[in-house]
Amino acid sequence: MHPLVTAEWLLEHLQDPEVRIADVRFSLADPLAGRMAYLEAHIPGAVYLDLETDLSGPVRPDRKGGRHPLPDPQALAATLGEDGIGDEHFVVAYDENGMFAPRLWWLLRWLGHERVAVLDGGIRAFVAAGGSLTAERPEYPRATFTPRPQEGWVVSAEEVASRAPGTVLIDARAPERYRGEVEPIDPVAGHIPGAINRNWADNFEPDGRHKPPQALRERFAAGEGKELILYCGSGVSASANLLALEVAGIRGARLYAGSWSDWVSDPSRPVAKGEEG
């Protein structure tokens, strides 16, 4: 199943009873901004899923597991079911910048639900295609979502540290964070030694849609045919790279879900700075 749908496709399927739309807009700088934007105006029929309260688990006091730990599968399944998203539904996730919708896309696939895609270009593409927004909140009957977590999709810090030679480790953060020149969120700057940098934000054309598959394949050519592990600050924007890899036809990449925020929770772990070596 293709991981992207177009705004034109969504406009044609807004009334399809098998389609469920999820608004996943969020701001790391203002955690309430996405929900407030949803309440003001959203794609008709969309429910809202919050990155921190719905799509992440509780943050531990020692920060092990990172700033956005994976949610408990049963808890996420219950949330989805309460919102009317069940095993029978095709889920379309959207945001406004391409960072957060892939988190839901990846989570659902991790839980064994393949009928999910991201709206390419997000809410801006929907409006540009002639779509109208609404403040009306939908009411769906409770559904049953059955979680079936996929083994081997997630790696730990220990597995990252002991990865096999030839494994390609990709850091999705902005280059200046990767190089350790700035660190606006986590307590330590830098990157995991041996990682290469592929900024998630470079997966898109100026209009917010994904670059063509061939261009994305060239971006990630270093990992083609190799073991791939992806990370970012807390496991969120790495999902955008996982989606881009899927669009490019490069499959099998695994997620270090705790990412940099988990890595630096243990001061004994090594840190690198500067350009990729």
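The values are calculated or read from the model by the stated rules, or taken from the named source; none is laboratory data. Computed from a predicted model, the values in this text were never measured in an experiment. Cβ atoms come from the backbone with ideal geometry, glycine included; neighbour counts cover every protein chain shown.
Table for the structure above
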{"item": "Pair list, Cβ under 6 Å, 6 or more apart: the stretch 261-275 residue among the basic types (Lys, Arg), other residue surrounded by 15 or more Cβ atoms within 10 Å (Cβ to Cβ)", "result": "Arg269/Trp263; Lys273/Gly180; Lys273/Gly190"}
{"item": "Residue within the stretch 34-57 that is in contact with a helix residue (DSSP H, G or I) (Cβ under 8 Å, 6 or more places away or on another chain), among the small types (Gly, Ala, Ser) and more than 23 Å from Gly84 (Cβ to Cβ) present", "result": "no"}
{"item": "Complete set of residues in the stretch 153-177 that are in contact (Cβ under 8 Å) with a residue 60 or more places away in the chain, of a type outside the set (A, V, I, L, M) and in contact with a strand residue (DSSP E or B) (Cβ under 7 Å, 6 or more places away or on another chain)", "result": "Trp153, Arg163, Thr167, Asp171"}
{"item": "Every pair of residues 6+ apart whose Cβ atoms lie under 8 Å, when the first sits in the stretch 128-152 and is farther than 11 Å from Ala46 by Cβ while the second is aromatic (Phe, Trp, Tyr) and surrounded by 12 or more Cβ atoms within 10 Å (Cβ to Cβ)", "result": "Pro149/Trp110; Gln150/Trp110"}
{"item": "Residues within the stretch 158-185 that are over 30 Å from Ile21 (Cβ atoms) and touching a Phe, Trp or Tyr at 6+ places or on another chain (Cβ under 6 Å), tallied", "result": "2"}
{"item": "Check on Glu276, of a type in the set (Asp, Glu), assigned to a loop (DSSP other than H, G, I, E, B), modelled with pLDDT of 95 or more and out of contact with any Cys (no Cβ under 9 Å at 6 or more places or on another chain)", "result": "no"}
{"item": "Spans of helices (runs of 4 or more DSSP H) in the stretch 62-170 with at least 2 residues at pLDDT 95 or above and more than 30 Å from Asp207 (Cβ to Cβ)", "result": "73-82, 157-161"}
{"item": "Test result for Arg109, of a type in the set (Lys, Arg) and in contact (Cβ under 8 Å) with a residue 60 or more places away in the chain", "result": "no"}
{"item": "Verdict on Val247 being part of a loop (DSSP other than H, G, I, E, B) and more than 19 Å from Leu51 (Cα to Cα)", "result": "no"}
{"item": "All positions within the stretch 7-34 that are charged (D, E, K, R) and surrounded by 18 or more Cβ atoms within 10 Å (Cβ to Cβ)", "result": "Arg20, Asp23, Arg25"}
{"item": "Looking only at the stretch 184-208, and only at residues there that are touching a residue at least 12 places away in the same chain (Cβ under 8 Å), of a type in the set (D, E, K, R) and surrounded by fewer than 19 Cβ atoms within 10 Å (Cβ to Cβ), the one that is farthest from Val5 (Cα to Cα)", "result": "Asp202"}
{"item": "Selected residue [in contact with a Lys or Arg (Cβ under 8 Å, 6 or more places away or on another chain) and surrounded by 12 or more Cβ atoms within 10 Å (Cβ to Cβ)] from Gly166, Gly180", "result": "Gly180"}
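So that you can scan it fast, the table gives a plain yes or no per residue for (1) closer than 22 Å to Asp120 by Cα; (2) under 12 Å from the mean Cα position of the chain (by Cα):
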| site | (1), (2) |
| --- | --- |
| Leu216 | yes, no |
| Lys226 | no, no |
| Leu230 | yes, yes |
| Val236 | yes, yes |
| Leu242 | yes, yes |
| Arg251 | yes, no |
